[in-house]
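Structure first, commentary second.
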Amino acid sequence: MDPLDIARWQFGITTVYHFVLVPLTLGLGPVVAFFHFRYVATGDEKWLRLTKFWGKLYLVNFILGVATGIVQEFQFGMAWSEYSRFVGDVFGAPLAMEGLLAFFVESTFLGLWIFGWGKLPQKVHLATIVLAVVGSWISAFFIIAANSWMQHPVGVELVDGRPVLVDIWAVLTNNTAIAAYTHTLFGAVAVAGGFLLGIAWYQLWRRRKDGIDTVDEKGRVVVGEAPEIAGRDVADHSVWLTSLRVGAVIAIVGFGGVALTGDLQAKLMYEQQPLKMAAAEAACHTGTEFSVLSIGDLGSQDCESVTTVIAIPGLLSFLANGDFETEMPGINELIPQYQDAYGLTLPDDPRYGDRAGQEISYLPLMEVTYWGFRIMIGFGAIAAFAAVVALWITRKGTVPRSRWLMRLAVFGILAPFGANISGWVFTEMGRQPFVVAPNPDPSGIDGVYMFTAAAVSPGVTAGEMLFSVITLTLVYAALMVVEVGLLVKYVRAGVAGAMPELGHPDDHGPDDDDPDDHGPDGTSRRDDVLAFAY
């Protein structure tokens with residue numbers, strides 16, 4: 001077993017898990033802030049219910065995201081010490097800004113928002129959630145700026161073989177960072193939209209199934225209420241219909257933004273990492289065709305087994321260059337260029353250990369890059385189409401009683417998550433065999449690159465890394481059970497789960513003789529100002 005392979009698996013597992021949580025935090029936060037703003041502006045209890053319900057889910061996700069994000073920083077020093085030495089002078093600035101400026105702002109103001117209900121003036125309380133959301137978006141920018149430097153190094157000069165930061169603004173305004181940041185934010189918005197849509201559909205379906213809401217002869221909703229069930233009143237219907245429509249709209253907007261920013265990213269990739277994009281299209285030969293479907297042998301590291309079944313002439317040129325005529329270099333043309341520039345074998349350097357002298361494969365795993373790119377686009381398009389359909393189906397104020405449509409809507413929550421994850425897997429695995437990619441594009445700094453084989457800590461053994469990856473995977477699996485369990489619990493509880501003042505969601509209201517309905521001081525849990533945080 002090679003410690004390098006295990007270390008890569010560990011970083012992949014923990015990073016993908018963390019990024020399941022990140023887009024929901026980035027996308028749901030502004031939605032919660034908007035609902036809170038509408039409540040402060042109008043005083044309408046509907047917006048308060050929206051704020052508290054979605055805010056509760058936002059907090060559950062945020063807390064798990066923080067817990068799993070901390071592991072990422074420790075991995076740099078423990079499993080990837082050579083990488084940390086190489087990039088430390090560059091990464092130090094944006095990561096310090098992320099921690100000292102963005103994350104502390106985000107955490108501080110989120111705490112004030114959690115515990116500020118009924119304590120802070122309304123407008124001040126609103127400002128806390130706005131600042132927390134702004135902090136999370138700034139935090140994401142600094143992280144992506146650091147990651148984008150790995151894709152396209154700028155703002156440094158080489159001193160004794162190490163990049164030394166000379167222009168922090170070049171790092172922060174890196175065109176790769178700007179494109180990746182906007183792409184990520186729009187992807188997060190799409191995730192939040194699908195999340196709202198799926199859960200709101202489920203809640204409206206429950207109201208139909210329980211006979212609370214019905215439809216007239218024209219199919220228009222007749223809103224009812226069930227006083228015996230906490231929170232199932234007329235206002236409850238408005239909460240879920242508003243959630244569904246807001247979710248559908250922002251899902252559509254998110255996908256549109258992802259498409260535009262993704263087009264910009266594709267053009268930059270062809271300039272900065274041409275082999276990554278050629279692998280993503282299975283473009284073995286120079287040409288203009290975009291592969292709709294190509295097949296080949298799994299694990300193959302050459303083009304001999306690749307057969308293009310369906311192709312669209314000119315589309316690849318448009319994605320890469322904005323026209324339909326320019327021929328784009330294929331894999332067979334690019335690999336010799338990489339071999340001439342960066343060598344045929346890994347250098348004879350102590351950092352490589354037993355891997356020194358091994359032949360370098362410059363072609364990323366084509367099945368990962370090819371299908372990752374298409375899964376990303378496909379899941380995103382499916383989510384946007386589902387949002388349009390949802391707006392049409394609910395135009396008369398409710399959802400059908402169909403159980404399978406409800407399940408489709410709930411499982412549809414996963415589509416934008418899948419698009420986000422597959423996009424990042426494509427981005428990171430497509431950079432291999434480099435952990436810091438070289439710069440064929442003149443806008444970057446030539447000569448700044450690092451092979452992944454040189455990045456792993458030289459002192460770790462395969463056994464230590466195996467123990468680490470198994471342990472972290474088990475811990476993360478347990479955390480996933482907690483995350484999903486809490487989300488399911490509060491989704492099923494509905495608004496009453498986040499607002500105890502509406503009564504318990506699982507009974508007919510508080511019982512004066514029931515000790516579970518009262519706090520330790522004898523007061524009703526409805527009046528417990530910390531119930532939202534709990």
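At positive phi and open to solvent by 10 Å² or more (accessible area, probe 1.4 Å): does that describe Gly194?
no
List the number of the failed condition for Asp233; all other conditions in (1) under 30 Å from Tyr83 (Cα atoms); (2) open to solvent by 10 Å² or more (accessible area, probe 1.4 Å); (3) more than 25 Å from the chain's Cα centre (by Cα) hold.
That leaves (1) as the condition not met.
Looking only at residues in the stretch 154-202 that are of a type in the set (S, T, N, Q) and touching a Ser or Thr at 6+ places or on another chain (Cβ under 8 Å), which one is nearest to Val495 (Cα to Cα)?
Thr182
With respect to the numbered conditions (1) surrounded by fewer than 17 Cβ atoms within 10 Å (Cβ to Cβ); (2) in contact (Cβ under 8 Å) with a residue 12 or more places away in the chain, which one is the sole condition not fulfilled by Pro274?
With respect to (1) surrounded by fewer than 17 Cβ atoms within 10 Å (Cβ to Cβ); (2) in contact (Cβ under 8 Å) with a residue 12 or more places away in the chain, Pro274 is out only on (1).
Would you point out which residue out of Val40, Val71 is modelled with pLDDT under 90 and either in contact with a Cys (Cβ under 9 Å, 6 or more places away or on another chain) or of a type in the set (Val, Ile, Thr) (or both)?
Criteria check complete, one pass: Val71.
Consider Gly322 against the criteria (1) open to solvent by 30 Å² or more (accessible area, probe 1.4 Å); (2) within 30 Å of Trp205 (Cα to Cα); (3) out of contact with any Lys or Arg (no Cβ under 6 Å at 6 or more places or on another chain); (4) touching a residue at least 12 places away in the same chain (Cβ under 8 Å): it satisfies all of them except one. Which criterion is unmet?
The one condition Gly322 does not meet is (2).
Among the numbered criteria (1) touching a residue at least 60 places away in the same chain (Cβ under 8 Å); (2) on the phi > 0 side of the Ramachandran plot, which single criterion is violated by Gly161?
(1)
Name the single residue that is modelled with the highest pLDDT among those in the stretch 382-414 being in a helix (DSSP H, G or I) and under 16 Å from the mean Cα position of the chain (by Cα).
It comes out as Leu414.
Yes/no matrix, rows are residues, columns are (1) open to solvent by less than 10 Å² (accessible area, probe 1.4 Å); (2) touching a strand residue (DSSP E or B) at 6+ places or on another chain (Cβ under 6 Å); (3) in contact (Cβ under 8 Å) with a residue 24 or more places away in the chain:
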| position | (1), (2), (3) |
| --- | --- |
| Gly55 | yes, no, yes |
| Ala67 | no, no, yes |
| Glu82 | no, no, yes |
| Ala96 | no, no, no |
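Among the residues of the stretch 145-163, which ones are surrounded by fewer than 23 Cβ atoms within 10 Å (Cβ to Cβ) and either in contact with a Leu (Cβ under 8 Å, 6 or more places away or on another chain) or part of a helix (DSSP H, G or I) (or both)?
Ala146, Asn147, Met150, Gly155, Val156
In the stretch 38-46, is there at least one residue being open to solvent by less than 10 Å² (accessible area, probe 1.4 Å), in contact with a helix residue (DSSP H, G or I) (Cβ under 8 Å, 6 or more places away or on another chain) and at negative phi?
No: the stretch 38-46 contains no residue that is open to solvent by less than 10 Å² (accessible area, probe 1.4 Å), in contact with a helix residue (DSSP H, G or I) (Cβ under 8 Å, 6 or more places away or on another chain) and at negative phi.
Any residue in the stretch 277-290 that is open to solvent by 40 Å² or more (accessible area, probe 1.4 Å), at pLDDT below 85, in contact with a strand residue (DSSP E or B) (Cβ under 8 Å, 6 or more places away or on another chain) and not acidic (Asp, Glu)?
Yes, some residue in the stretch 277-290 is open to solvent by 40 Å² or more (accessible area, probe 1.4 Å), at pLDDT below 85, in contact with a strand residue (DSSP E or B) (Cβ under 8 Å, 6 or more places away or on another chain) and not acidic (Asp, Glu).
The values are calculated or read from the model by the stated rules, or taken from the named source; none is laboratory data. Just so it is clear, the structure is predicted and the values come from calculations on it, not from any experiment. We place every Cβ from the backbone using ideal geometry, glycine too, and count neighbours over all the protein chains shown. Each accessible area value is taken on the protein alone, full model and side chains, heavy atoms only, with ligands, DNA and RNA left out. Shrake-Rupley method; radii C 1.70, N 1.55, O 1.52, S 1.80 Å.
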